[in-house]
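The values are calculated or read from the model by the stated rules, or taken from the named source; none is laboratory data. Note that the structure is predicted; figures quoted are calculated from it, not measured. Reconstructed Cβ throughout: ideal geometry from the backbone, glycine too, with neighbour counts over all protein chains shown.
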Amino acid sequence: MAGSAHDHGDSAHESAKPSARGEKPTDSYCSCCRICDCYRDAPGADEKPGERRAEYDEPDGEGKRDERGDDGRDHDTHDDDGHDHGAHVDHSDHEDMFRKRFFVCLVLSLPVLYYSPMLQDWFGFTAVTFPGSEFVGPVLGVAVFAYGGIPFLRMGAVEARNREPGMMLLISLAITVAFVYSVAAAAFDIGEPFFWELVTLIVIFLLGHWIEMRSVRRASGALDELAELMPETAERIADGDGETEEVPIDDLEEDDLVLVRPGSNVPADGVVEDGESNVTEAMITGESKPVKKEPGDEVIGGTTNRDGSLRVRVAATGDETTLSGIMRLVEEAQESRSRTQVLADRAAGWLFYAALGVATITAVAWTAAVGFGLPVVERVVTVLVIACPHALGLAVPLVVAINTSMAARHGMLVRDRIAMEQARNLDTVVFDKTGTLTAGEQGIVEIATVEGRSEDDVLTFAAAAEGDSEHMIAQAIRDEASDRGLSVPDVRGFEALEGRGVRATIEHDAMPAVAPGSAGRSEEGTDSGGRDGHTVSVGGPNLLRYLEAEPDTDLERFAEDAGSRGEGVVYVLSDEEIVGAVALADVIREESFEAIDALHEMGIEVAMLTGDDADVAHSVADELGIDTVFAEVLPEDKDEKILELQDRGHLVAMVGDGVNDAPALTRSDVGIAIGSGTDVAVESADVVLVENDPRDVASLVRLSAKSYRKMQENIAWAAGYNVFALPLAAGILAPIGILLSPAVGAVLMSASTVIVAVNAQLLRRADLSV
């Protein structure tokens, strides 16, 4: 996936359109990526991946910039370092490069430090001398500059050429000033050489970048983890003899039959044809508990089969699988851009010019005060080093990468970074009722019986009569009977009574026993009904009118109460005598209560949008504690209700199934498609929740708030560090004897970067549970 997204071959250069925006996305990019084409062509703020805009995000809409072709870019920056540009997402090549150069330069720097006259004087030792020992510092200093400094110089040159100055250009200026002065001092004896601080600077920079690469790689590891879920091979079952052969998963085709052994991962999306097992879907859906799979159930490629063998008929392979779709959404989220990142990038750009200005003023002031020499060079280099916007450049991207990774692990797939950032400010969440807050299918709420009949008797009659019906009410009755473990007798003569219900005949000896004196029992003490069996009918009020049957007072009251709650009632009759009634409704999901309570605790109002009649809608809303109800709304009018809330000044999220709710999802400030399952390509949604669990909406808001807080903390630290350190670097406290050396400045700069990286990693500890 990553490789395809960051292809840097010639064809990419020819077809890619350069971004015309002034700000660059850094959500999944390190300081090395920022100067190559994968960074330059990434989508900008307010854009979804694949879109390009021709203007800055300035309020006045001005600030257009000339588009440049390939001649305005340098793409040779990493070539000598062995970088694979298809691997920008995991940054492993960058990390390896900086680690290797750090250790080599560290070894080369030790003799430079040992033979430094200044350090010998400070620590009171005398270095061992030998013929030519005076050249150890200059020779190894040049070697460290050439080997360890060249990556920064190359990337700084590209920043200058692209007219996007940043941290690499500042680092380049700092080490170049130190190098040129040290060589001149050694060659022309104009002062004390600067080699020991030069090599220290470069070693610290390499160490800081190595840590940065490692942090970014770990933070952006969601794609790698997802990619590793898919096995490399599969056991395909031959059509003829049933023998298995091991084949690469790329060779699998639709309708192939594969064997999935216990402990192995499912190689492709498909349907179970034979076998039963529990399958772990945690990395795909966020569901921690294993899911039981049996014939007819769908399985997702990349999930882990636990304890039984499965034979799976392949339904999708390659880029069509759920896992590939999820990886695309994760990659889009990492490449999409937040407004906070825009501000951080702008601040980093401003900081470059501020540092250059402060360095110039420092050089002029110190030259005027003490004359040009080593102190002036030290102040200038220290300013340039300390001002490197390293921490500022990492403040947001690391948080965003960790946010994306955490969201994916919890079954939340972010398609639009702006929406994720806005979620923390939501004050209204609108849920579609059916299939979101409710199960989307009928369920039995209550059963009423006549005297002498039990609930199980009534349910057995109803399940038997409804055995051949495909109606959702019939399915609910059969499911309830199955859940209760009832033995449902066979029937004959099934008949659908159009607009009224159904009826069928049950054999006499299969009828449940009846208590003496009860309805449905003759005076002689035997069950009523002919020798051919008993006719059982199930239906609503129309059935009663058709059979001219009247319910008793208790059943009438039961039906009235159920109707007031928005529930439907069907009656069960044996030989045209009513034996009971069943109340059904679209059952509210248990998770919905927790979700609504969690949102209310966050101060968020909850609204419900449904096409159901007002009585049913208000019944569900009252039970859940929902604040606002929009009932009897047609699918095409749902977006108008969202607009109505927005016109009142609300920031609105719409939660729906992504099909009938598409206009409302698009209209809302944050569109959330819930319960998409394997359908991750919901174009109208900003966020896709894989599991049909409304609690994930509260988790999404919580993650957005915690992530934004981390961004604020990082930006405050990075900006505050520069405000504090720049005056010290310039020597503002020199009159009282406080001066920062370039080496100390480099340590402070790298320490600020590490602090930002560690703080971002703390986001992983956030509790998103509801």
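Of the residues examined, residue 455 is not one that is free of Cβ contacts under 8 Å to residues at least 40 places away in the same chain and charged (D, E, K, R).
Counting only residues that are surrounded by fewer than 24 Cβ atoms within 10 Å (Cβ to Cβ) and either in contact with a helix residue (DSSP H, G or I) (Cβ under 7 Å, 6 or more places away or on another chain) or in a helix (DSSP H, G or I) (or both), the stretch 422-437 holds 6 of them.
Of the residues in the stretch 716-724, at least one is among the aliphatic types (A, V, I, L, M), surrounded by fewer than 23 Cβ atoms within 10 Å (Cβ to Cβ), at pLDDT 80 or above and more than 30 Å from residue 439 (Cβ to Cβ). Only one entry of 631, 607 meets the criterion of being in contact with an Asp or Glu (Cβ under 7 Å, 6 or more places away or on another chain), modelled with pLDDT of 80 or more and over 30 Å from residue 408 (Cβ atoms), and that entry is 631.
What helices (runs of 4 or more DSSP H), lying completely within the stretch 544-627, carry at least 2 residues that are within 28 Å of the chain's Cα centre (by Cα) and touching a residue at least 24 places away in the same chain (Cβ under 8 Å)? Of the helices (runs of 4 or more DSSP H) lying wholly inside the stretch 544-627, those with at least 2 residues that are within 28 Å of the chain's Cα centre (by Cα) and touching a residue at least 24 places away in the same chain (Cβ under 8 Å) span 590-601. Filtering the stretch 359-377 to residues that are in a helix (DSSP H, G or I) and under 17 Å from residue 189 (Cα atoms) leaves 374, 375, 376, 377. One residue stands out among those in the stretch 102-122 that are without any contact (Cβ under 8 Å) to a residue 24 or more places away in the chain and under 43 Å from the mean Cα position of the chain (by Cα): the one that is surrounded by the fewest Cβ atoms within 10 Å (Cβ to Cβ), which is 107. Within the stretch 446-455, the set of residues being out of contact with any helix residue (DSSP H, G or I) (no Cβ under 6 Å at 6 or more places or on another chain) and surrounded by 18 or more Cβ atoms within 10 Å (Cβ to Cβ) comprises 450, 453.
Residue 504 satisfies every condition listed in (1) surrounded by 15 or more Cβ atoms within 10 Å (Cβ to Cβ); (2) more than 58 Å from the chain's Cα centre (by Cα); (3) modelled with pLDDT of 55 or more except (2). Entry remark, the stretch 476-501: residues being basic (Lys, Arg) and loosely packed, with under 14 Cβ neighbours inside 10 Å number 2 in total. If you go through the stretch 461-494 and pick out every residue that is of a type in the set (S, T, N, Q), in contact with a strand residue (DSSP E or B) (Cβ under 9 Å, 6 or more places away or on another chain) and part of a helix (DSSP H, G or I), you end up with 1. Candidates 400, 385: the one that is surrounded by 24 or more Cβ atoms within 10 Å (Cβ to Cβ), in a helix (DSSP H, G or I), at pLDDT below 75 and among the β-branched types (Val, Ile, Thr) is 385. Counting only helices (runs of 4 or more DSSP H) that fall entirely inside the stretch 110-201 and contain at least 2 residues that are over 22 Å from residue 382 (Cβ atoms) and hydrophobic (A, V, I, L, M, F, W, C), the qualifying elements are 136-148, 150-161, 167-188. Condition (residue is farther than 22 Å from residue 181 by Cβ and in contact with a Lys or Arg (Cβ under 6 Å, 6 or more places away or on another chain)) applied to the stretch 110-131: is it met by at least one residue? No, every residue in the stretch 110-131 fails to be farther than 22 Å from residue 181 by Cβ and in contact with a Lys or Arg (Cβ under 6 Å, 6 or more places away or on another chain). For the stretch 406-420, the set of residues classified as in a loop (DSSP other than H, G, I, E, B) and at pLDDT below 80 consists of 415, 416, listed by residue number. Consider the stretch 123-165 and keep the residues that are within 51 Å of the chain's Cα centre (by Cα) and acidic (Asp, Glu). The one that is modelled with the highest pLDDT is 159. Please work out if residue 417 is more than 9 Å from the chain's Cα centre (by Cα) and under 15 Å from residue 709 (Cα atoms). In short, no.
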